[in-house]
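Input: a single structure, listed below in structure tokens.
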Amino acid sequence: MMNLRRWWSSSALLLLAVTVAITLAGCPSTPPGSEGGGGTASAGSKKRIIILTNGPDPFWDTCEAGAKAAENELGLMAEGFVVDFQRGDFTDKKQIDMLKQYVLASDVAAVGVSVFNPASRNLAEEMKALQEKGVKVVTIDSDLDREKYRDARYAYLGTDNIIGGRELGLAAKAIQPGGANFAFFVGDLGVANAVERMSGFVQGAGEGFKELTRRSDGGDRPKARKNVEDVLNQHPECNMLVGIWAYNTPQIVNVVQDRKIRDKTAVICFDAAQAAIDGMAAGQVDVMVVQNPFQMGFEGVKLMHALVTGKQEVVDAMYPEYAQEGEKDIYRTELRVVVPDENSAVTPDLFDSKTIFFKYSEFQKWLQDRGLISS
């Protein structure tokens, strides 16, 4: 009887050990604060350099490619760092929740935020909490309200959206020299880059251009399309549609094609989503003012790495007169104007000397050389 009891006891212990081993084998190792993020959750002891976007979009796929290129070229893995690319959901709540996770995590070295709501005091407070913990914080692509919360980050890196909007306005004027009745389409009317682009556009287009309306969609693609349809229904005089965020233009192109009104409707836009690039090739898009998200990702990671490791010479090269005042804490990335290969009224002499001018085929080669499909 004792032998039987011993056999059952030994068997139970063996079964328990096997069960525990299987359970542990099936559980991923996830560092604190990495939920909902990129593919570096199992990085273990490596310190994370994080980029947190304002939402999901192919624009950010290109930025991520640039960030990963910096990770490789700068040899970050060998130094104990890893790039972690995480996406918001076009709400400030999501970004605030993510930043709270980073504050609790022990493996976060630096964070670059593309701010969704520039007026969010709670977001600014979480960014300050990260800085107080010793984490380096910058903004990329979209900044905080600089009047109120400039000290919540070290610096801004990205497009000068006022200039970008102005360049798009100048292009619109070349396309419709007699003026136009236009409408803006964007994800959120309050985001800094949207406000600045629309303001710059109005400056660049000048007299003869009448703004009919501006519509936001919260990142919802079906709503983005419906906004275009509604505007055309309510304003039959509208003859220019302006896409402010990358995904807006494909929706505009689809509606214009479906309604067969391309002959009387100009289509102009910010950014170069793949469908917008294809639209230009098919004669459906007149001009694109294109940022360089690849450069944003690369230079953003380079800056954060330099701040973390004390490479002051790198920081000084990017911000030679650094101060948190005026524009001394702003690093401007490239801006490009892209037009069709043939029969465009838009010419290079219209724009700022620092703006790069591409015809469609030249832009396609630029993308292909970098293994990209959008920008």
Within segment 95-119, which residues are in a helix (DSSP H, G or I) and either closer than 20 Å to Gly158 by Cβ or of a type in the set (Val, Ile, Thr) (or both)?
Gln95, Ile96, Met98, Leu99, Val103
All positions within segment 128-147 that are assigned to a helix (DSSP H, G or I) and within 18 Å of the chain's Cα centre (by Cα)
none
Would you call Ile252 aliphatic (A, V, I, L, M) and either in the same structural domain as Ser142 (by TED's automatic domain parsing) or more than 18 Å from Asn54 (Cβ to Cβ) (or both)?
yes
Of the residues that make up segment 288-306, is at least one at pLDDT 95 or above, among the aromatic types (Phe, Trp, Tyr), within 30 Å of Glu71 (Cα to Cα) and not assigned by TED's automatic domain parsing to the domain that holds Met240?
yes
Modelled with pLDDT under 95 and hydroxyl-bearing (Ser, Thr, Tyr): does that describe Thr30?
yes
When segment 321-331 is checked residue by residue, the ones that are at pLDDT below 95 and among the acidic types (Asp, Glu) are Glu325, Glu327
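Residues are listed down the side, and each one gets a yes or a no for (1) closer than 23 Å to Gly200 by Cα; (2) in contact with a helix residue (DSSP H, G or I) (Cβ under 6 Å, 6 or more places away or on another chain); (3) without any contact (Cβ under 8 Å) to a residue 40 or more places away in the chain; (4) loosely packed, with under 15 Cβ neighbours inside 10 Å:
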| site | (1), (2), (3), (4) |
| --- | --- |
| Gln284 | no, yes, yes, no |
| Phe298 | no, yes, no, no |
| Asp316 | no, no, yes, yes |
| Tyr319 | no, no, no, no |
| Gln324 | no, yes, no, yes |
Filter segment 125-145 down to the residues that are crowded, with 20+ Cβ neighbours inside 10 Å and either touching a helix residue (DSSP H, G or I) at 6+ places or on another chain (Cβ under 8 Å) or modelled with pLDDT under 95 (or both) and list them by number.
Glu126, Met127, Leu130, Val135, Lys136, Val137, Val138, Ile140, Asp141, Ser142, Asp143, Leu144
Of the conditions (1) of a type in the set (Gly, Ala, Ser); (2) at positive phi; (3) touching a Phe, Trp or Tyr at 6+ places or on another chain (Cβ under 8 Å), Ala194 fails just one. Which one is it?
(2)
Counting only residues that are buried (at least 21 other Cβ atoms within 10 Å of the Cβ) and in a loop (DSSP other than H, G, I, E, B), which one in segment 44-73 is modelled with the lowest pLDDT?
Asp57
Given (1) closer than 30 Å to Ala109 by Cα; (2) modelled with pLDDT of 95 or more; (3) touching a Ser or Thr at 6+ places or on another chain (Cβ under 9 Å); (4) charged (D, E, K, R), identify the lone condition not met by Glu334.
(2)
By residue number, the members of segment 128-156 that are in contact (Cβ under 8 Å) with a residue 60 or more places away in the chain and farther than 19 Å from Trp245 by Cβ are Lys136, Val138, Arg150, Asp151, Tyr154, Ala155
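The values are calculated or read from the model by the stated rules, or taken from the named source; none is laboratory data. Note that the structure is predicted; figures quoted are calculated from it, not measured. Cβ: placed from backbone, ideal geometry, glycine included. Neighbour counts: every protein chain shown.
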